[in-house]
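Chemist: My questions all concern the structure below.
None of the figures in this text is laboratory data; all of them are computed from the coordinates on show. Note that the structure is a prediction, hence the values are computed from the model and not measured. Heads up, the Cβs are rebuilt from the backbone with ideal geometry, glycines too, and the neighbour counts pull from every protein chain shown.
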Amino acid sequence: DPWKTCHGLLQEYDSKFFKAQTDEVQYLLIFAGLFSAVVTSFAVDLYKMLQQDSGNMSAYILSVISTQLGNGSLLNQTLSPPSSSPNGPVIRINIFWFVSLSLSLTTVLLGTTCMQWLREYRHFDSLKVNPQRLTTPPTHAL
């Protein structure tokens with residue numbers, strides 16, 4: 001029967017298509033997950049460079065207190081507070097790390113959505129067509 005042959009060929013094609021697409025998306029998800037983990041470790045470590053060093057600020061505050069206790073005022077000496085802003089390259093590197101992490105997590109989100117779509121596709125594909133419907137023409141009630 002030509003309809004059964006056609007249906008069998010389409011089922012075989014769909015099965016191969018589903019397997020290939022599922023494998024590709026799973027490999028993408030594994031790579032993106034590992035990449036996100038590595039980028040997160042770098043981003044967390046370099047994020048600390050954006051924060052002000054509390055040791056420098058503590059030393060500055062202690063020197064101000066010491067000067068006030070020793071002289072009674074700060075009129076004779078002027079102390080400058082430590083620089084609180086990180087330099088340009090540190091900011092750019094952190095921007096690149098966080099953009100990379102965002103893109104990687106977006107890839108994981110899209111990959112997960114694709115896997116859900118493939119599962120739904122497989123679910124509808126698994127709904128078998130009754131072979132008798134393929135050979136019997138529809139009957140209409142008069």
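Chemist: Per residue of segment 107-115, what does 6.51 cos²θ - 1.76 cosθ + 1.60 with θ = phi - 60° give for ³J(HN,Hα)? Whole Hz please, x for Gly and Pro, Karplus curve as stated.
Modeler: Once rounded to whole Hz, the list reads 4, 5, 4, 5, x, 5, 5, 5, 4.
Chemist: Stretched out fully, how many nm does the piece from VAL90 to VAL38 gain, at 0.36 nm a residue minus the Cα gap? Each step should come with its number before you reach the end.
Modeler: On the way: separation 52, 0.36 × 52 = 18.72 nm, distance 1.85 nm.
Here the answer is 16.9 nm.
Chemist: With a point put 7 Å past each Cα toward its Cβ, work out how far VAL64 is from THR112 in nm, to one decimal.
Modeler: 4.6 nm
Chemist: Give me the one-decimal nm value for the distance between modelled label points at PHE18 and ASP1, 7 Å along each residue's Cα-to-Cβ direction.
Modeler: Here the modelled spin labels are 2.2 nm apart.
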